[in-house]
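Below: the structure, in structure tokens.
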Amino acid sequence: MKYSELIQIKMKRTREEFVTIMHQLHQVIEVVPKEEYETFMNEAKEISPDDNDVMYFALALKMKCGIWSNDSKLKEQNKVTIYNTKELLSFQSDY
């Protein structure tokens with residue numbers, strides 16, 4: 001993985017702990033093939049404030065869900081709800 005070393009450092013975990021966590025994540029994360037959301041790419045290109053995030057917007061449009069990002073620029077559109085970390089953590093206190 002391209003950023004695995006950086007992620008491991010930011011997580012403050014040993015290499016073994018990081019590998020274990022990644023294996024656990026792979027068990028609960030579903031990878032959606034591009035073919036399943038590519039019909040939303042044109043709309044995503046129109047609304048995404050950042051060309052690098054078009055695929056995430058297309059997937060969010062397909063799944064009818066929000067995006068977790070601390071990039072405030074992504075909130076410059078109103079088709080997909082963007083949640084930053086602080087907002088997501090505030091939901092935790094609701095439970």
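The values are calculated or read from the model by the stated rules, or taken from the named source; none is laboratory data. No experiment lies behind these values; they were computed from the predicted model shown. Cβ atoms come from the backbone with ideal geometry, glycine included; neighbour counts cover every protein chain shown.
For this structure, a couple of remarks:
- Residue, farthest from ASP51 (Cα to Cα), within the range 76-95, restricted to residues that are modelled with pLDDT of 95 or more and outside any loop (DSSP other than H, G, I, E, B): TYR83
- Count - residues of the range 8-26 that are farther than 28 Å from VAL54 by Cβ, in a helix (DSSP H, G or I) and either in the same structural domain as CYS65 (by TED's automatic domain parsing) or not hydrophobic (A, V, I, L, M, F, W, C) (or both): 7
- Test: residue in the range 48-63 that is part of a helix (DSSP H, G or I), under 17 Å from the mean Cα position of the chain (by Cα) and among the small types (Gly, Ala, Ser): yes
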